[in-house]
1. Being modelled with pLDDT of 90 or more, closer than 15 Å to residue 110 by Cα and surrounded by 14 or more Cβ atoms within 10 Å (Cβ to Cβ) is true for just one of 16, 34. Which residue is that?
2. What pairs come out if I take residues in the range 83-112 that are farther than 23 Å from residue 38 by Cα and assigned to a loop (DSSP other than H, G, I, E, B) and pair them with residues that are among the hydroxyl-bearing types (Ser, Thr, Tyr) and modelled with pLDDT under 95 whose C-beta lies under 8 Å away, six or more apart or interchain?
3. Sort out which residues of the range 23-44 are within 10 Å of residue 101 (Cβ to Cβ) and within 9 Å of the chain's Cα centre (by Cα), and write them in order of number.
4. Restricting attention to the range 91-118, and to residues there that are at pLDDT below 90 and either of a type in the set (Lys, Arg) or under 16 Å from residue 15 (Cα atoms) (or both), which single residue is surrounded by the fewest Cβ atoms within 10 Å (Cβ to Cβ)?
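The values are calculated or read from the model by the stated rules, or taken from the named source; none is laboratory data. All values derive from a computational prediction rather than experimental measurement. For neighbour counting, all protein chains shown are included, and Cβ atoms are generated from backbone atoms with ideal geometry for every residue, glycine included.
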Amino acid sequence: MGAVTGPITAPRTLLLGRYDPVGRLRYTGRTTALPRTTGSALAELLTDANAGHPRRGRTLSAGWGTRETLTVHLVQPDLVLEVEVDVARDAAGRWRHPARLHRTRPDRTPADITPFDP
């Protein structure tokens with residue numbers, strides 16, 4: 001995960017990513033809106049991004065078919081999550097529909113995850 005919408009102290013959605021085979025963080029999709037209790041619990045696990053965050057300076061679309069950009073708060077991309085996703089993907093390999101958060105995976109690191117290969 002590399003960013004959230006809403007404040008880092010109470011995230012509303014999570015912007016998900018995976019590293020590709022050469023080590024670049026790739027945006028893969030976002031979650032459904034988080035319940036307040038879930039956002040508050042996740043806030044304790046999030047860390048503000050440092051100047052070297054791989055998504056710094058890049059923008060994301062606010063939705064399909066719009067040029068409006070999404071306002072996000074970058075976080076350190078070191079939290080691994082388990083999510084449920086629909087199989088539909090766009091041409092870049094991103095999930096077309098929001099992912100449903102199941103749980104955090106403190107037993108895993110980003111290096112444990114299969115690289116993103118659209």
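1. 16
2. 93/28; 94/27; 94/28
3. Within the range 23-44, 31 is the sole residue that qualifies.
4. Out of the qualifying residues, it is 92.
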